[in-house]
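J.: The following block contains the structure, expressed as structure tokens.
Read-outs: derived from the displayed coordinates by stated rules, not from any lab. Predicted, not measured: the structure shown is a model, and the values here were computed from it. Backbone-built Cβ (ideal geometry, glycine too); neighbour counts: all protein chains shown.
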There are 2 protein chains.
Amino acid sequence: MNAVTPKVTQGPLPASYKVYKPGRMHPDIRVPMREIALHPTAGEPPVTVYDSSGPYTDPQADTDISAGLPRLREAWIRARGDVAPYEARHVKPEDNGFATGDRLTPEFPRHNKPLRATGGKAVTQLAYARAGIVTPEMEFITIRENLGRMELCKDIARDGESFGAAIPDFVTPEFVRDEVAKGRAIIPANINHPETEPMIIGRNFLVKINANIGNSAVTSSMANEVDKMVWAIRWGADTVMDLSTGRNIHNIREWIIRNSPVPIGTVPIYQALEKVGGIAEELTWEVYRDTLIEQAEQGVDYFTIHAGVRLHYIPLTVDRTTGIVSRGGSIIAKWCLHHHRESFLYEHFAEICDICRAYDVSFSLGDGLRPGSIADANDAAQFAELETLGELTQIAWEKDCQVMIEGPGHVPMHKIKANMDKQLDTCGEAPFYTLGPLTTDIAPGYDHITSGIGAAMIGWFGTAMLCYVTPKEHLGLPDRDDVKTGVITYKIAAHAADLAKGHPAAQIRDDALSRARFEFRWEDQFNLSLDPETARDFHDQTLPKEAHKVAHFCSMCGPKFCSMRISHDIRAEAQKEGMAAMAEKYRDGGDLYMPADQQD
Amino acid sequence: MNAVTPKVTQGPLPASYKVYKPGRMHPDIRVPMREIALHPTAGEPPVTVYDSSGPYTDPQADTDISAGLPRLREAWIRARGDVAPYEARHVKPEDNGFATGDRLTPEFPRHNKPLRATGGKAVTQLAYARAGIVTPEMEFITIRENLGRMELCKDIARDGESFGAAIPDFVTPEFVRDEVAKGRAIIPANINHPETEPMIIGRNFLVKINANIGNSAVTSSMANEVDKMVWAIRWGADTVMDLSTGRNIHNIREWIIRNSPVPIGTVPIYQALEKVGGIAEELTWEVYRDTLIEQAEQGVDYFTIHAGVRLHYIPLTVDRTTGIVSRGGSIIAKWCLHHHRESFLYEHFAEICDICRAYDVSFSLGDGLRPGSIADANDAAQFAELETLGELTQIAWEKDCQVMIEGPGHVPMHKIKANMDKQLDTCGEAPFYTLGPLTTDIAPGYDHITSGIGAAMIGWFGTAMLCYVTPKEHLGLPDRDDVKTGVITYKIAAHAADLAKGHPAAQIRDDALSRARFEFRWEDQFNLSLDPETARDFHDQTLPKEAHKVAHFCSMCGPKFCSMRISHDIRAEAQKEGMAAMAEKYRDGGDLYMPADQQD
């Protein structure tokens, strides 16, 4: 099993090429962006878009899955002088669920000694930010978030409703540093994952999305998961969570991390549970702690930790329609119940912080008691846990650890904003990271859509990262097609949110695509789409000929009924006559019908 | 071409059977509903859902496409004593775009003389409502909208934000009459379409959806369109618009109407344009008027009429990013420009009302100047036209005509509510009927999703009917799969809106499905879904065996990690101990960490 190097999808998207923008403070920085070239008749420069796809879409890059990606941050990390390599924890049979022989996923071929903070220092981006240091990561992010908008849209009018967010016209390195220092944004960047291209999660930056991958006890393999990771970032995933729960968790994760240019998140309790044979009550702090170190050494960038599931909250879930639906939450709840005590996550939270600060693993404080149905939305259990997450945020911040807060789940539209408001209030403006929320329960098979609605709204209200939901949610493990559908749906939600928040650069792509549409530049319309292949395919299903790519109509209406073609005629006529004169003349036509209120 | 009787999809949905509820005031009324049977272990009654699918899903019904549906409203219409049959307008070659021989779609085999009001009377549901008459249509709708909720949810708590709507706990015949009389709801019900099962469109009723079908000059045929109509209502379309623009418009429409249990809408200018060879400036009032009568005689239930496109608004569109994107709007604009005068729609609007009141054709006042891009949303042209639509509404109401108002289009999230508020204010609370709106332009191929987000929101804010957008929007003519995807997406949006508005019966289905999910009743979970076939298929892709339909896990997490299974364990343990005691005991555990604000 898995003896072959995984195959992943490579090569640029249509009409797209990768550019790298250099840093100023840190000249060795090369920030990747994607430029989408337009047809010469457009007379427009290429459209620059955010690019999370890594070297896989760069034909100049020489990617080799069995070697891993270039370790671009390694020099930056070492230059700070606060870390040292050491002998890694020994990999144990239980780390891979006791898989052996053919059933054991092979180890990743290359090994690097892990780094760790020296002298008890915090090596987190938060610690540096508080110390007034603009790290290379921060400058990288500055350039990345601006997307060349200093050149492109000097005179763009700000238009939007941001509900108290503070999105700047232009991002500066100092702004990034300050947002991180305030805890309002995080940069997930484990020192042992130097392959990452730095990115930021915060309400005053572009809305991000996460894609979940991972095998389960029932199905999937390492090659599939590496392929899914590369596939997810190709379509725009900003981070990827590896939620593997079966055997081979350690080795699969290593392959994923070494080849991932985006931050990788995990839920360490899943692997810990595998190590104790799947029996929740046999979990111990020692097993869990060892798992945290194991994963921190590998380079996991953020941990979901359900430390907010407190013993006395569990009874609040018993009368729910759907109980506890978070896997991690239910495991912890079961443990608490069995031992009749607070969880080791809660009791040892300060020690967990000490581990995280030594590697710069960010917290994603898990919502173990999130609602799993419309019936349970915004209930006492959910909001009680959120209060505790607020307390834990303060503890983590005191330890210089970066924190984001996970949110629901299943919430009808009229209860979404209360989640955002309460999270901002309770958790000191730490970034919010929500799963959907699904706005109805009645459409299994379409939960990317039921949740895309909620995701767009909560993103608008201020959620910093949206965790995707695929069409398979509630039904099965997503395959490659589901991953793509989930990612595209969430890119839509995130972008719709950026537009509504009034992000100064967001509308550039909409406008470029709309102009292409109006000018019948079909190729440009496809290429500017989030999914050029599908757009082209849909068009070609009825009009496959190359000639139709320059036709001034499509199969929806046919040539005689094309409103856009007619609009061009109108515009031509208007230009002949002069607009001002035309308007004046028309207005003289007068009203043929009196307004109703003047007719009596 | 088209010599064969169309094949349509028939038979019930899984675990569903059709029931008919009788009227009280009008005992011959039989209101169709779908009951979804649950597994015996549920110990729950069947879930009753709104059913727009007509006799096609009733195995007892004997449907014959070449005979048409039963004319269930005919006796009600004739009993009112205000209509008389007459010799129909003669069908002319241009009605079918001069198609001949093999290219001519055959006539529908049966003919009925059309009815028309006698003595200049208004035979509209609005006229009856104003006269204090509860028609059989109104009682039918009363029963239909209640969905048995008087029995099922006597004690359901109202929960939602309806933005000033007045949704009653229970719908009464008098409530329906009153809403229609006030113009806040319409019952599209042409006296020449007695096959319809009456339905209502209004902010204080369930949110409805429309599906567009229709051939174009480029592709498609009668058999396809009849099949699409039946397919669209199978998945939940409440009305269907026939937007055909090629040849054979008259004959295709006849086949559709005779077999449609839902109201059919059209845009008569499309056919009028065909009659003048596609040259907009050659349109005349006489050709248009003749087309209205032709379609009213066939039984079209509502006309989209772009009478709000006034001459002096056209210059307002010239600097837009995407000009005029409404097909009808652009045709009228071109005509106005050429003749330099107000359109015949505007000039003859009172005469159009006289036609509509004689057949009870409802108005769908078209938004010919709706924005076609984010850049053009909420602009001067759009809102100027809306003011005119408000004036026309008053004129139509004076003629006892039923009116709804069409809305956009492409609107970013933060500008959606202004559309709803302005429409309510300007158009006297006439029902709003919007296309989407799309919340971003950057995802051609996924515009069911970009628009489903906007549709859910504007539905929540008060839009009464949502016109679907399919994945093919902007790219090509939708096929059968696209129609289904569009309908399901919009059923999600409409239902999410009903939930958020606090419709008293909306959550029943969510709760039933959530209970099925929590209790591992997989079959019930599939059957309660908007699309049982897809839900089942997605589950079976990884776990195809029958045994897995009773398994207490799925392939997402596998058996060891199933949070719901663990929740059951927790519940069992809690029940042993007694909840109150458990909660008390846990609370005594006390706080291990002080809240942050008490730590200083």
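J.: Can you tell me the FRET efficiency between residue A:286 and residue A:30 if r is taken as the Cβ-Cβ distance and R0 is 60 Å, rounded to the nearest 0.05?
T.: For R0 = 60 Å, the calculated efficiency reads 0.90.
J.: Oh, and also: Classify the stretch A:48-150 from the C-alpha gyration tensor, please: rounded if a/c falls under 1.5, else prolate or oblate depending on whether a/b exceeds b/c. Intermediate results must be reported in sequence, preceding the final value.
T.: Details: a/c = 2.65, a/b = 1.30, b/c = 2.05.
In terms of gyration-tensor shape, oblate.
J.: Next up: At a 10 Å Cβ-Cβ cut-off, how would you order B:108, A:461, fewest neighbours first?
T.: Details: B:108 22, A:461 27.
Final ranking by Cβ density, sparse to dense: B:108, A:461.
J.: What FRET efficiency would be calculated for the residue pair residue A:17, residue B:21, taking the C-beta separation as r and a Förster radius of 56 Å, to the nearest 0.05?
T.: Details: r = 63 Å, r/R0 = 1.13.
That gives a FRET efficiency of 0.35.
J.: Here's something else I'd like to know. Which residues in the stretch A:479-494 place their backbone N less than 17 Å from a point set 7 Å from the Cα of residue A:7 along the Cα-to-Cβ direction?
T.: A:480-481
J.: Label-to-label distances across copies for residue A:569, with labels 7 Å out along Cα→Cβ, in nm, shortest first?
T.: The projected label point of residue A:569 is separated from its counterparts by 7.2 nm.
J.: Here's a follow-up. Under a straight-distance cross-link criterion of Cα-Cα below 27 Å, which lysines are reachable from residue B:21, leaving out those fewer than 8 residues away in the same chain?
T.: B:154, B:208, B:491, B:501
J.: If the viscosity is 0.890 mPa s and the temperature 25 °C, what Stokes-Einstein diffusion coefficient in µm²/s follows for the stretch B:105-232 when Rh is the Kirkwood radius over Cα pairs? Let's see the in-between values first.
T.: On the way: Rh = 17.6 Å.
Rounded to a whole number, D works out at 140 µm²/s.
J.: Could I ask something else about it? Compute the whole-percent fraction of alpha carbon pairs in the stretch B:205-288 spaced more than 16 Å apart. Don't skip to the answer; put the middle values down first.
T.: On the way: 1813 of 3486 pairs.
Tail of the P(r) past 16 Å holds 52 percent of the pairs.
J.: Continuing with this model, one more query. Taking only the alpha-carbon atoms of the stretch B:245-319, what semi-axes of the equivalent ellipsoid follow from 5 times the gyration tensor eigenvalues under a square root, in whole Å, largest first?
T.: 26, 15, 11
J.: Still on this structure, I have one more. So how long is each side of chain B along the principal axes, counting just the alpha-carbon atoms, biggest first, in Å?
T.: Projected onto the principal axes, the Cα atoms of chain B cover 83, 63, 49 Å.
J.: Something else now. Return P(r) of the stretch B:221-378 (all Cα-Cα pairs; 5 Å bins starting at 0; whole %; ordered from short to long distances).
T.: All Cα pairs, binned at 5 Å, distribute as 2, 9, 18, 20, 19, 16, 11, 5, 1, 0 percent.
J.: Moving to a separate point now. In whole percent, what relative contact order does the stretch B:402-507 give with Cα contacts below 8 Å and a gap of six or more residues?
T.: Values: 195 pairs, mean separation 25.8, N = 106.
This gives 24 percent for the stretch B:402-507.
J.: What percentages make up the Cα-Cα pair-distance distribution of the stretch A:152-302 when the bins are 5 Å wide from 0?
T.: For the stretch A:152-302, the pair-distance distribution reads 2, 9, 16, 17, 16, 13, 10, 7, 5, 3, 1, 0, 0.
J.: Within the P(r) computed for the stretch A:454-519, what percentage of the Cα pairs occupies the region above 13 Å?
T.: Numbers: 1428 of 2145 pairs.
Result for the distance tail: 67 percent.
J.: Taking 2.2 N^0.38 Å as the expected size of a compact globular protein, what ratio does the Cα radius of gyration of the stretch A:435-583 give against it, to two decimals?
T.: Details: Rg = 19.4 Å, N = 149, 2.2 N^0.38 = 14.7 Å.
Compactness ratio reported: 1.32.
J.: Stick to the Cα atoms of the stretch A:346-439, pair each with every other, and give me the Kirkwood hydrodynamic radius in Å at one decimal. Walk me through the intermediate numbers first.
T.: On the way: mean 1/r = 0.0740 Å⁻¹.
By the Kirkwood definition, the hydrodynamic radius is 13.5 Å.
J.: Using a 7 Å offset from Cα along the direction of the beta-carbon, what are the separations from residue B:168 to the same position in each other copy, nm, ascending?
T.: With the label placed 7 Å along Cα→Cβ, residue B:168 yields 5.8 nm.
J.: On to the next question. Based on Cα positions only, what radius of gyration and what Dmax would you give for the stretch A:389-490, in angstroms?
T.: Rg then Dmax for the stretch A:389-490, in Å: 14.6, 43.
J.: Let me know the shape class of the stretch A:213-256, please: from the alpha-carbon gyration tensor, a ≥ b ≥ c as square roots of the eigenvalues, rounded when a/c is under 1.5, otherwise prolate if a/b is greater than b/c, or oblate.
T.: Working: a/c = 2.04, a/b = 1.91, b/c = 1.07.
Prolate is the answer for the stretch A:213-256, as a/c is 1.5 or above and a/b outweighs b/c.
J.: Just for the Cα atoms in the protein assembly as shown, what are the lengths along the principal axes, largest first, rounded to whole Å?
T.: Extents along the principal axes, in whole Å: 96, 71, 56.
J.: Let me ask something else. May I ask for the angle, rounded to the nearest 10°, between helix B:480-501 and the longest principal axis of chain B, with both axes built from Cα atoms and the value confined to 0 to 90°?
T.: In chain B, helix B:480-501 runs at an angle near 70 degrees to the longest axis.
J.: Something else about it: Go ahead and estimate [θ] at 222 nm for the protein assembly as shown from helices alone: -39,500 (n - 2.57) per DSSP H run with n ≥ 4, summed, over the residue count, rounded to 500. Walk me through the intermediate numbers first.
T.: Numbers: 42 runs with 460 residues, N = 1200.
Calculated mean residue ellipticity at 222 nm is -11500 deg cm²/dmol.
J.: Where the Cα atoms of the stretch A:1-54 are projected onto their three principal axes, how long is each span, largest first, in whole Å?
T.: 52, 36, 12
J.: Would you mind working out the magnitude of the charge dipole of the stretch A:241-362 relative to its Cα centre, with +1 at each Lys and Arg C-beta and -1 at each Asp and Glu C-beta, to the nearest 20 Debye?
T.: Numbers: 11 positive and 16 negative charges, 76 e Å.
The calculation lands at about 360 debye.
J.: For the stretch B:288-408, compute Rh as the Kirkwood radius over C-alpha pairs and then the Stokes-Einstein diffusion coefficient at 25 °C and 0.890 mPa s; write the answer in µm²/s, rounded to an integer.
T.: On the way: Rh = 14.5 Å.
Estimated diffusion coefficient is 170 µm²/s.
J.: To the nearest 10 degrees, how steep is helix A:222-234 against the longest Cα principal axis of chain A, on a 0 to 90 scale?
T.: Between helix and principal axis, roughly 40 degrees.
J.: First measure r as the distance between the Cβ atoms of residue B:67 and residue B:89, then evaluate 1/(1 + (r/R0)^6) with R0 = 22 Å and state the FRET efficiency to the nearest 0.05.
T.: 0.40
J.: To continue, here is another question. Along Cα→Cβ at 7 Å, what distances in nm separate the residue B:351 label point from those on the other copies, shortest first?
T.: Result for residue B:351, in nm, nearest copy first: 8.9.
J.: Counting other beta carbons within 10 Å of each Cβ, put A:8, A:411 in order, fewest first. Don't jump to the answer; show the numbers that get you there.
T.: Working: A:8 17, A:411 30.
Listed from fewest to most nearby Cβ atoms, that is A:8, A:411.
J.: Please give the helix A:349-359 orientation as an angle from the longest Cα principal axis of chain A, in degrees from 0 to 90, rounded to the nearest 10.
T.: That helix lies at roughly 70 degrees to the long axis.
J.: Indicate the gyration tensor shape class of the stretch B:484-535 (rounded, prolate or oblate), computed on the Cα atoms with a ≥ b ≥ c the square roots of the eigenvalues: a/c under 1.5 is rounded; otherwise a/b larger than b/c is prolate and the rest oblate. Display every interim value, and only then the final one.
T.: Numbers: a/c = 3.37, a/b = 1.20, b/c = 2.81.
Oblate shape, in that a/c is at least 1.5 and b/c is the bigger or equal ratio.
J.: Which of the residue pairs A:415/B:228; B:18/B:113; B:18/B:484 have a Cα-Cα distance greater than 30 Å in the structure shown?
T.: Details: A:415/B:228 36 Å; B:18/B:113 32 Å; B:18/B:484 21 Å.
Over 30 Å apart, Cα to Cα: A:415/B:228; B:18/B:113.
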